[in-house]
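Quick notes on the structure that follows.
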Amino acid sequence: DEEREEYEESLTRMQGERNQTWEELDLIRLYVDQLEDRLVDYAIARKEIDAKEKGCASTKRPEEERTSWEQSSNADFGEKLLSQATEMGSTLKRDWESKLENQRM
C-alpha cells in the first residue's frame, strides 16, 4: 500500500508538471505567433517605406535633404517598432506572471 501511495503521488506530481509544461508551451506559441505577425507588419511597412523613398528620390531635392528625410523616417519607424516590441514584451510578461500566480493558488 505504501508503495502504491508513493506511485500515485509521483504520478500526480508528474501530471502536474506535464500540465504546467504544456501551459508554458502554449504561452511560447502565442509569443511566436505575435512575433510572426509583427514581422509581417514590419515587412509590409518596409515595402511602403521603400516605395516612398523611391518616390522621394525622383523629386528634385538636394541630396542632403533627401538623406536627412530618409534618416528621420528610418529612426521614426525604428522607434515605433521598438515601442511595439516593448509593449508586447510587457504584455506577455504580465500574462506569464498572472498565469504562474493562478497556478500557485
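The values are calculated or read from the model by the stated rules, or taken from the named source; none is laboratory data. All values derive from a computational prediction rather than experimental measurement. Glycine also receives a Cβ, built like all others from the backbone with ideal geometry; neighbour counts cover every protein chain displayed. With ligands, DNA and RNA removed, areas are computed over all heavy atoms of the protein, side chains included. Shrake-Rupley method; radii C 1.70, N 1.55, O 1.52, S 1.80 Å.
Tabulated data
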read-out	value
Top-ranked residue in segment 80-105 [being more than 30 Å from Arg13 (Cβ to Cβ) and open to solvent by 70 Å² or more (accessible area, probe 1.4 Å); ranked as modelled with the highest pLDDT]	Glu87
Subset tally (residues that are more than 15 Å from the chain's Cα centre (by Cα) and either outside any helix (DSSP H, G or I) or surrounded by 12 or more Cβ atoms within 10 Å (Cβ to Cβ) (or both)) for segment 25-45	1
Residue match in segment 67-74 (condition: modelled with pLDDT of 70 or more, farther than 19 Å from Gln20 by Cβ and either out of contact with any strand residue (DSSP E or B) (no Cβ under 6 Å at 6 or more places or on another chain) or of a type in the set (Val, Ile, Thr) (or both))	no
Meets criteria (open to solvent by less than 70 Å² (accessible area, probe 1.4 Å), polar (S, T, N, Q) and modelled with pLDDT under 90) for Ser58	no
Gln20 open to solvent by 60 Å² or more (accessible area, probe 1.4 Å), farther than 20 Å from Ala85 by Cα, in contact with a helix residue (DSSP H, G or I) (Cβ under 9 Å, 6 or more places away or on another chain) and not basic (Lys, Arg)	yes
